[in-house]
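Contents: one structure, followed by commentary.
The values are calculated or read from the model by the stated rules, or taken from the named source; none is laboratory data. Keep in mind that this is a model prediction, so the values were computed, not measured. All Cβ positions, even for glycine, are placed from backbone atoms using ideal geometry, and neighbour counts span all protein chains on display. Ligands, DNA and RNA are excluded from the accessible area calculation, which covers all protein heavy atoms including side chains. Shrake-Rupley method; radii C 1.70, N 1.55, O 1.52, S 1.80 Å.
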Amino acid sequence: MSEAVLTALPRRSAEPMLLRALAAAFTVFIVFYILVPIAVTLVMSFNDAAMIRFPIAEWSFRWYQDFFGSQQWTDALYNSILIALGTTAISTSAGVMAAWAFERFDFPFRGPLYLVIMLPLFMPGVVLGLGVAMSVGNLQFLGFSVYGTKGLVMLAHALWAMPLVFMLMEATFRTIDHRVVEASYDLGGRPVQTFFEIVLPMVSTGIISSALFAFVISLNEFVMALFLTDRDTQTLPVLMWLSLRSAGTPRLAVASVILALTVFACLALIMFWYVRQLRKVSR
């Protein structure tokens, strides 16, 4: 018996080391797998050639000047940011309120309603985009066609962003102490007042994270925007795809870098807010 135990001990002690080595190797692989394409795109954006070639022969800011000097590309960037902001406002407000309703109240058909809310998140973008285009493409509002407007794209993007906000906020609301909410009611606080002054500050990290994720989803969404935009409202990803079909210039790399930097900025804001909230709690 003792010999068997002694024989098994080295294996048990070596097993965690093997797992740590495999985990470290896998982590390094994932980091390189993610960062290498981004690094190559960043390098390509400084290419002086007229076509995309790697490695580059000469470094230049030529295509950055070309991008910001082009009204078509800067308008597409403006459209993307404006649509992303509108999508963030719609999906965050709707997702937060829906998550609070599911967490706080009991009502019939909770299960089916939950599936309906989450359904768009798992639907292909081409199905949603085509469905929205066929459903409201012929509608008129105050004499103007709804199709091709930024508002329509915001609503379509919110179909993807709102379920994500709902899912994140539902998990966040489960972490709060509902006794604080009940205490507010006992002290005369109204439901709306309690929600805005007590509940929302407690889940501010989740709201900021959800809003930034919604912004990133809308900013980078391509398929639905391809069906729902026209020349005046096309987003940057749509213009990149149309440009790629005609000529693959390093201007595409510049646009990719701008989108990637926006994503990194949103992630940095999330981390900054999270660390800030942790410091408040630890005090």
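Just a few scattered comments:
- Residue within the stretch 53-63 that is among the β-branched types (Val, Ile, Thr) and either open to solvent by 60 Å² or more (accessible area, probe 1.4 Å) or under 17 Å from ALA255 (Cα atoms) (or both) present: no
- Screening GLY95 on (1) open to solvent by 30 Å² or more (accessible area, probe 1.4 Å); (2) of a type outside the set (Val, Ile, Thr); (3) closer than 20 Å to ALA161 by Cα shows it passes everything except condition (1).
- Restricted to the stretch 227-246, and to residues there that are free of Cβ contacts under 8 Å to residues at least 24 places away in the same chain and of a type outside the set (Phe, Trp, Tyr), the residue that is farthest from GLY86 (Cα to Cα) is SER246.
- Selected residue (only one of ASP106, ASP75 is within 26 Å of the chain's Cα centre (by Cα) and charged (D, E, K, R)): ASP75
- Filtered by the rule that a residue be surrounded by 12 or more Cβ atoms within 10 Å (Cβ to Cβ) and among the hydroxyl-bearing types (Ser, Thr, Tyr), the stretch 226-283 gives THR229, THR233, THR235, SER243, THR249, SER256, THR262, TYR274.
- Residue count for the stretch 135-164, restricted to those that are touching an Asp or Glu at 6+ places or on another chain (Cβ under 8 Å) and in a helix (DSSP H, G or I): 2
- Among the residues of the stretch 127-165, just one is open to solvent by 70 Å² or more (accessible area, probe 1.4 Å), touching a residue at least 12 places away in the same chain (Cβ under 8 Å) and more than 15 Å from THR233 (Cα to Cα), namely LEU130.
- Pairs with Cβ under 8 Å, 6+ apart, first in the stretch 61-81 and among the β-branched types (Val, Ile, Thr), second part of a helix (DSSP H, G or I) and open to solvent by 100 Å² or more (accessible area, probe 1.4 Å): THR74/PHE68
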